[in-house]
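The values are calculated or read from the model by the stated rules, or taken from the named source; none is laboratory data. Just so it is clear, the model here is predicted, and its values are computed rather than measured. Cβ placement follows ideal geometry from the backbone for every residue including glycine, while neighbour counts extend to all protein chains displayed. We work out accessible area using only protein heavy atoms, side chains counted, and drop any ligands, DNA or RNA first. Shrake-Rupley method; radii C 1.70, N 1.55, O 1.52, S 1.80 Å.
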Amino acid sequence: MNENEKSVQEYIDEIARLTAQINEREKRDSEAVIFKELFPDVDSDLIPDSVRQESEEKGIPLFAIYAVYERRKQLAALAAQARNHENSGRSSGPLINSDNFGEALSIEQIRAMSPSQVRHHYKQILKTLSNS
């Protein structure tokens, strides 16, 4: 191969490399547009690195991997909600704190109160005891 042929081949290789870069950039740009259409409220800086990495490793568009990520989060939240609902059925009731007393208090509620709760609910306690 003479020097001119080598030079031409280098140009051909460079053109192929640049063409591949342009195609990759256009692909990423179009995927970014689709991502924004599907997830307009998601800031791209807040996309987890694991989602980006999975997209790159598998060669799957970021918007598709992110959709799967979001769906997994939803399913996990639903599962947690179902467990909480199931557990609440087994519960003996909420713990007594200063925020969950209604108008009338039971003697059990009064006995279970801490000194600070007694001070906070003193008028309710007096009202309850005067009505019993």
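Leaving out same-chain residues fewer than 8 places away, which lysines sit with a Cα under 29 Å from that of Lys27?
Lys36, Lys58, Lys73
Counting only heavy atoms of protein chains, what accessible area per residue, in Å², does region 8-73 have with a probe of 1.4 Å? Each step should come with its number before you reach the end.
On the way: 5130 Å² over 66 residues.
With the other protein chains kept in place, region 8-73 gives 78 Å² per residue.
Which FRET efficiency, nearest 0.05, do Ala112 and Gln74 yield, Cβ-Cβ r, R0 41 Å? All intermediate terms of the calculation are to be shown ahead of the outcome.
On the way: r = 38 Å, r/R0 = 0.93.
The value I calculate is 0.60.
Taking θ = phi - 60°, what integer Hz values does the Karplus form 6.51 cos²θ - 1.76 cosθ + 1.60 yield along region 112-122, in sequence order, with x for Gly and Pro?
7, 6, 7, x, 5, 5, 4, 4, 5, 10, 4
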